[in-house]
Amino acid sequence: MTVRHDPETTGEGESFFSSSFAVWLAIEATGDKDMFRMRFDERHIGNPFIRALHGGVVGSMVEASAELGFGRLTESAGPTELVSSAIDYLRVTKDADLFTRVSIVRVGRRIAFFEVYCWQDSEDLPVARGSCTLRILEA
């Protein structure tokens, strides 16, 4: 997925948050530049017996947060493209909202590295962490 960052818009000028991907995941920005929220929805459940979120939903939230975080933290309007991601699932999720906090590891001329932490109850109890590499495309 390629994300343009002028402010959180796709290549067609529509808001990223109104894209079908973001609507399905129910991603929204928070008051903090480095924090995002995914509102819980029944379709996010991966294991109905323990009511845990699907790992792909958590992974998608990590990757989307890294791409959105690039634009908000670097204040760059240029588009990015996900090169790679590694996600560690640290504890079982539940049927509740998921929050992410993005931090910059390093931003170069063509590549940017980010770390993303996910939690539900408390930021001190992360449910997942991700490491994402983004390619910075020319605007």
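Only the coordinates and a few stated rules stand behind these numbers; no lab work does. From a predicted model like this one, the values you see are computed outputs, not experimental measurements. Glycine gets a Cβ as well: all are built from the backbone with ideal geometry, and neighbour counts include every protein chain shown.
Being in a strand (DSSP E or B) and touching a residue at least 12 places away in the same chain (Cβ under 8 Å) narrows it down to one residue among 86, 66, 96; which is it? After applying the criteria, what remains is 86.
For segment 88-138, filtering for residues that are out of contact with any Ser or Thr (no Cβ under 9 Å at 6 or more places or on another chain) and among the hydrophobic types (A, V, I, L, M, F, W, C) leaves 5.
Residue 121 falls short on exactly one of the conditions (1) charged (D, E, K, R); (2) within 21 Å of residue 30 (Cα to Cα); (3) without any contact (Cβ under 8 Å) to a residue 12 or more places away in the chain, and that condition is (3).
Residues that are among the hydroxyl-bearing types (Ser, Thr, Tyr) and part of a strand (DSSP E or B) within segment 100-131 comprise 100, 103, 117, 131, listed in sequence order.
Looking only at segment 30-42, decide whether some residue is in a helix (DSSP H, G or I), within 12 Å of the chain's Cα centre (by Cα), crowded, with 17+ Cβ neighbours inside 10 Å and in contact (Cβ under 8 Å) with a residue 60 or more places away in the chain. Scanning segment 30-42, I find no residue that is in a helix (DSSP H, G or I), within 12 Å of the chain's Cα centre (by Cα), crowded, with 17+ Cβ neighbours inside 10 Å and in contact (Cβ under 8 Å) with a residue 60 or more places away in the chain, so the answer is no. The residues of segment 58-85 that are of a type in the set (A, V, I, L, M, F, W, C) and crowded, with 19+ Cβ neighbours inside 10 Å, listed by number, are 58, 61, 62, 64, 66, 68, 70. For segment 92-114, a residue qualifies if it is over 19 Å from residue 41 (Cα atoms) and either surrounded by 14 or more Cβ atoms within 10 Å (Cβ to Cβ) or among the acidic types (Asp, Glu) (or both), and the qualifying residues are 101, 102, 104, 107, 112, 113, 114. Condition test on residue 96, is it closer than 20 Å to residue 31 by Cβ and among the hydrophobic types (A, V, I, L, M, F, W, C)? Taking the combined requirement at face value, the residue satisfies it. Go through (1) part of a strand (DSSP E or B); (2) loosely packed, with under 15 Cβ neighbours inside 10 Å; (3) among the aromatic types (Phe, Trp, Tyr) one by one and return the number of the condition residue 49 breaks. Condition not satisfied by residue 49: (1).
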